[in-house]
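Asks: Sending over a structure as structure tokens; questions will come in a sec.
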Amino acid sequence: MANDMQPSAKLASKDVDIAYGHRLIVENLNLAIPARRFTALLGPNGSGKSTILRTFAALLKPSTGSILLDGRDVARLSTREMARKFGVLLQGPVAPEGLTVSDLVRQGRYPHQSLFSRWSAEDQQACDEAMVLTGTVDLANRMLDTLSGGQRQRAWIAMTLAQQGDTLLLDEPTTYLDLEHQIELMKLITMLVAKRGKTAVAVLHDINQAARYAQHLVLLKAGKISAAGAPLDVLSPDIIEDVFKVKSVVFQDPVTGTPMCIPL
Amino acid sequence: MSDLKAGPLAGTGAGRLLALACLALLLSAAALGAVALGAATMPPAKILSAIFAFDGSRDHILITGIRLPRVLAALLAGSALAVAGAIMQAVSSNPLASPDLLGINSGAAFAVVSVMSAYGTGIGDLYVWLAFVGAAAAAGIVYALGSLGAGGHSPLRLVLAGAIITTFLTSVTTVVLIFDQGTLDAVRLWTAGSVTGRSMAQVKTVTPYILVGLITALPFGRHLTTLSLGADASRALGQSPVLWRGLSIALVILLAGGAVALAGPIGFVGLLVPHLVRMCIGVDYRWVVPFSAVTGALLVIVADMVGRLVFGSQSFPVGVTIALIGAPFFLYLARTRLRGDA
């Protein structure tokens with residue numbers, strides 16, 4: 001079934017169409033997400049980035065085609081099994097007023113608990129670890145609505161880490177964050193990929209940030225892949241103009257060596 | 001790392017348990033006081049002997065026939081409404097939701113009023129069943145309407161469907177009452193929300209439903225917290241929002257339907273109590289559910305006692321007392337707490 005996929009693909013879409021009602025957003029998508037890499041989805045508004053991410057997370061059902069995880073169709077997985085394999089950070093999540101950071105992180109253990117099982121040492125350890133990784137230990141008893149945008153985002157990521165899935169799907173995780181917190185978050189994702197062997201997929205808006213931190217870029221235009229590959233191979237003035245309708249020059253970043261796009 | 005082992009999350013469980021125990025103790029004292037106090041004061045020993053060694057004396061009849069059912073009705077209705085409100089607020093991700101949103105009160109009133117109008121007011125305890133069935137039917141219709149269509153369930157659609165059904169049923173009920181003075185007189189007290197003159201038989205009819213609702217709601221707490229994060233987040237965490245929302249609504253029908261059958265539509269309890277509880281102990285519904293149950297019962301018992309003793313009338317409706325306390329408190333909430341939501 002997955003013969004034509006690259007062997008290293010963690011997650012792939014096979015001939016996927018996605019529609020809202022009768023409107024087709026994504027047509028015949030064949031996208032492979034490399035395992036243990038940080039993949040960034042880039043594209044203009046309405047290019048289908050978030051739609052594709054939500055479909056990978058099984059929050060949307062493809063109208064045709066299938067999503068493969070390690071070569072197996074995710075449609076056969078239960079919601080619970082999905083939640084043990086994927087940590088999903090949605091766009092602009094809203095928590096009920098008064099929820100504390102530790103309450104939220106605990107929710108990450110939901111897919112690991114059965115109907116009447118009690119909170120286990122393992123659950124506690126997963127939460128503690130997620131909070132250490134995201135630097136939210138000191139915030140444990142703070143209410144989410146009293147935190148800054150960056151702190152709140154880290155708390156939500158801690159929740160997805162507590163799920164202990166090996167794939168992270170992040171929809172615009174840096175939107176509304178200031179520069180410092182954006183970079184902090186990029187470094188966190190990079191670290192989780194490098195040290196914990198996670199596969200991360202994030203919808204990003206900043207091309208240069210994506211080129212700097214992600215190892216694999218997917219550029220989308222009107223629901224189709226315009227280009228996919230390593231930043232150095234993918235980012236060229238032609239492709240950027242094709243996707244974003246912006247003329248630019250592409251330099252090599254003198255500090256990191258990654259490509260850097262400057263719009264003209 | 002060693003202090004991490006204990007965990008920032010293990011936190012305040014013991015403190016909360018202690019607070020819950022204190023509240024439960026307070027509730028027992030209030031319930032005992034409500035049975036003891038009145039035109040004639042009954043000492044605790046007499047109350048116990050009336051329950052366990054009933055001798056048919058006038059005092060014993062007063063205790064077991066009038067005061068005890070009244071207090072039990074207040075206790076059951078209060079805890080059921082508060083827990084139903086907590087569930088509604090979690091399910092709809094709306095801090096201002098209450099069981100009335102499902103059309104429960106208007107459904108109960110419509111059923112009672114229309115049957116009384118057609119068959120006369122002498123239907124005895126049958127009205128308890130009518131109210132229950134009317135409440136459940138209205139809530140079922142609201143839920144079905146709220147989840148029809150392409151987008152499936154959405155809290156907004158549920159609220160809209162509830163408002164439409166409530167308005168419709170209330171209008172029809174009002175029309176019937178305008179032309180039927182006899183029925184109006186019979187239901188006037190009940191529609192204000194009252195535990196006056198409840199019989200033990202009525203209490204016994206409703207108790208199993210409310211008890212099942214309360215006992216089921218306790219292990220529900222964890223799922224409610226997850227549900228309150230919204231449908232997408234709940235699904236991403238491996239919860240089926242459709243299944244759990246459906247189960248939650250069924251629980252609300254049991255609880256609030258039972259409460260309205262017993263005590264009429266006591267407003268504000270389902271809205272205020274869960275709100276107050278969350279302000280004090282946070283949004284973890286494993287705690288919100290039991291705290292709401294105890295606090296709701298305490299509020300209705302105390303309010304009914306205040307109505308009886310301060311306003312000096314046996315039939316002063318507890319619904320009115322609570323509205324007198326509740327309305328200003330609600331204004332306060334709307335002014336202070338909701339500003340942060342925008």
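Asks: Would you please state which residues of the stretch B:245-274 a label at B:W129 would reach in this model, taking the label point 7 Å out along Cα→Cβ and a backbone N cut-off of under 16 Å?
Replies: Correct set: B:258, B:261-262.
Asks: Here is a follow-up. Could you name the lysines whose alpha carbon sits less than 22 Å from that of A:K245, not counting residues in the same chain fewer than 8 places away?
Replies: Hits, sequence-local ones excluded: A:K49, A:K221, A:K224.
Asks: Using the Kirkwood radius over C-alpha pairs as Rh, can you work out the diffusion coefficient of the protein assembly as shown via Stokes-Einstein at 37 °C, viscosity 0.692 mPa s, in µm² per second? Intermediate results must be reported in sequence, preceding the final value.
Replies: Numbers: Rh = 26.9 Å.
In µm²/s, the coefficient is 122.
Asks: Same structure again: How many angstrom lie between the C-alpha centres of the stretch B:241-263 and the stretch A:81-158?
Replies: Value for the Cα centre distance between the two parts: 29 Å.
Asks: Give the calculated FRET efficiency between A:E81 and B:S57 to the nearest 0.05, with a Förster radius of 51 Å applied to their Cβ-Cβ distance.
Replies: Calculated transfer efficiency: 0.20.
Asks: Now for a different question. Run the simple label-point estimate for A:A230 and B:T170 please: 7 Å along Cα→C-beta, distance reported in nm.
Replies: About 6.8 nm separates the two model spin labels.
Asks: Can you classify chain A as rounded, prolate or oblate using the Cα gyration tensor, where a ≥ b ≥ c are the square roots of its eigenvalues, rounded means a/c under 1.5, and otherwise it's prolate if a/b beats b/c and oblate if not? Let's see the in-between values first.
Replies: Working: a/c = 1.83, a/b = 1.29, b/c = 1.42.
Cα axes put chain A in the oblate bin.
Asks: Please give the Cα centre distance for the stretch B:214-239 versus the stretch A:190-264, rounded to the nearest Å.
Replies: Computed from Cα coordinates, the inter-centre distance equals 38 Å.
Asks: Within chain A, what's the longest stretch lacking trypsin sites (Lys or Arg not before Pro) that sit in DSSP loops with no more than 11 other Cβ atoms inside 10 Å?
Replies: Longest stretch, sites excluded: A:119-244.
Asks: Using only Cα positions of the stretch B:2-341, each an equal point scatterer, no hydration layer, compute I(q)/I(0) via Debye at q = 0.16 Å⁻¹ and quote the log10 values to two decimals.
Replies: -1.40
Asks: Separation between the A:D17 and B:A144 pseudo-spin-labels, each 7 Å from Cα along Cα→Cβ, expressed in nm?
Replies: 3.4
Asks: Now for a separate question. What list of ³J(HN,Hα) values in whole Hz, one per residue of the stretch B:102-114 in order, does the Karplus curve 6.51 cos²θ - 1.76 cosθ + 1.60 (θ = phi - 60°) give from phi, with Gly and Pro shown as x?
Replies: 7, x, 5, 5, 5, x, 5, 4, 4, 5, 5, 5, 5
Asks: Could you please state, rounded to a whole Å, how far the C-alpha centre of the stretch B:57-119 is from the C-alpha centre of the stretch B:268-292?
Replies: Their Cα centres are 18 Å away from one another.
Asks: Residue-wise, which Karplus ³J(HN,Hα) couplings in Hz belong to the stretch A:113-121, taking 6.51 cos²θ - 1.76 cosθ + 1.60, θ = phi - 60°, and x for glycine or proline?
Replies: 9, 8, 3, 10, 6, 9, 4, 9, 4
Asks: Note the full-extension length gain between B:A334 and B:L18 as 0.36 nm times their separation in residues minus their Cα-Cα distance, in nm to one decimal. Working shown, then result.
Replies: Values: separation 316, 0.36 × 316 = 113.76 nm, distance 3.02 nm.
Residue separation times 0.36 nm, minus the Cα-Cα distance, leaves 110.7 nm.
Asks: Moving on. Rounded to the nearest 0.05, what FRET efficiency do B:L309 and A:S120 give with R0 = 41 Å and r taken as the Cβ-Cβ distance? Could you check?
Replies: It comes to 0.25.
Asks: May I pose another question? For the stretch A:86-96, take each phi angle, set θ = phi - 60°, evaluate the Karplus expression 6.51 cos²θ - 1.76 cosθ + 1.60, and give the result in whole Hz per residue in order, putting x for glycine and proline.
Replies: Taking θ as phi minus 60°, the curve returns 10, x, 10, 10, 8, 6, x, x, 10, 9, x Hz for the stretch A:86-96.
Asks: Would you look at the GNM of chain A, springs on alpha carbons closer than 10 Å, and say which of A:E172, A:E184, A:E241 moves the most?
Replies: A:E241
Asks: Ok, one more. Give the lysines reachable from A:K195 as a straight Cα distance under 20 Å; neighbours fewer than 8 places away on the same chain don't count.
Replies: Correct list for A:K195: A:K10, A:K85, A:K187.
Values in this text are rule-based calculations from the coordinates and carry no lab data. Keep in mind that this is a model prediction, so the values were computed, not measured. Glycine also receives a Cβ, built like all others from the backbone with ideal geometry; neighbour counts cover every protein chain displayed.
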